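Take a look at the structure below.
What follows draws every value from the coordinates through simple rules; no lab data is involved. This structure is a prediction, so every number in the text was calculated from the model and none was measured. Backbone-built Cβ (ideal geometry, glycine too); neighbour counts: all protein chains shown.
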């Protein structure tokens, strides 16, 4: 008799659909929440990458418009880069701008190089000037921006990604832009 009551109870439980939505939600909610935060993280990282690119391009553009610059001028231009990277912290942003001249088909020389947060000057070998960009005696402004992006979800998935960008622009008003105190 007792077994019959148990079987009837199990059959009734099998037909009962109350709470199915709650169980499905319990299975899907963690996946959807992870997907949402993953998309937020992707968008934040992509925005930091695009702003790093913009900093590099803007610094090259501002320097290339001059006939000569000073360290004070370049410090002011680097401050503009700090504003462009907002809303991200500018403390992780390093910048460097250099003037590079082509000596011959295989040799380049760095005329001057100034950085913010970068201790060393740009080496001619690291300039990576695109092929056929310059003729002998011509120069180019090389602006670099590097940003160490740290995830806002560091407690869950700690990592740091380093974004970097080099921009090349030829001087607009002079053959070679001089830096008087570099």
Treat the count of other C-beta atoms within 10 Å as a stand-in for reagent exposure and order 43, 179 from fewest to most. 43, 179
Residue with peak Gaussian network fluctuation, the chain [Cα springs, cutoff 10 Å], from 124, 29, 145: 29
Pairwise FRET efficiency - residue 47 versus residue 103, Cβ, R0 = 35 Å, nearest 0.05: 0.30
Calculate the translational D of region 54-151 in whole µm² s⁻¹ from Stokes-Einstein, where the hydrodynamic radius comes from the Kirkwood formula applied to all Cα pairs, the temperature is 4 °C and the viscosity 1.567 mPa s. 92
Largest-first principal axis extents, alpha carbons of the chain, Å: 103, 33, 25
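Multiply the residue gap between residue 32 and residue 9 by 0.36 nm, knock off their C-alpha separation, and tell me the result in nm, one decimal place. Can you show the working numbers first?
Values: separation 23, 0.36 × 23 = 8.28 nm, distance 3.51 nm.
Between residue 32 and residue 9, full extension yields 4.8 nm more.
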Residue of 16, 111, 76 that the Gaussian network model of the chain assigns the largest fluctuation, springs spanning Cα pairs under 10 Å: 16
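For residue 125 and residue 72 in one chain, what is 0.36 nm times their gap in residues minus the Cα-Cα distance, to one decimal in nm? Before the final figure, lay out each step's value.
Numbers: separation 53, 0.36 × 53 = 19.08 nm, distance 2.68 nm.
Additional length available on full extension: 16.4 nm.
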Of the residues 36, 149, 168, which exhibits the maximal mean-square fluctuation in a Gaussian network model of the chain defined by a 10 Å Cα contact cut-off? 36
With -39,500 (n - 2.57) per DSSP H segment of 4 or more residues and division by the full residue count of the chain, the 222 nm estimate, nearest 500 deg cm²/dmol, is -14000 deg cm²/dmol
What nm value, rounded to one decimal, do you get for the distance between residue 25 and residue 61 when each label is placed 7 Å out toward the C-beta? 4.9
Three-way shape call for region 109-182 based on the alpha-carbon gyration tensor, with the a/c threshold at 1.5: prolate
With the contact rule set at Cα under 8 Å and sequence spacing of 6 or more, what percent relative contact order holds for the chain? 27
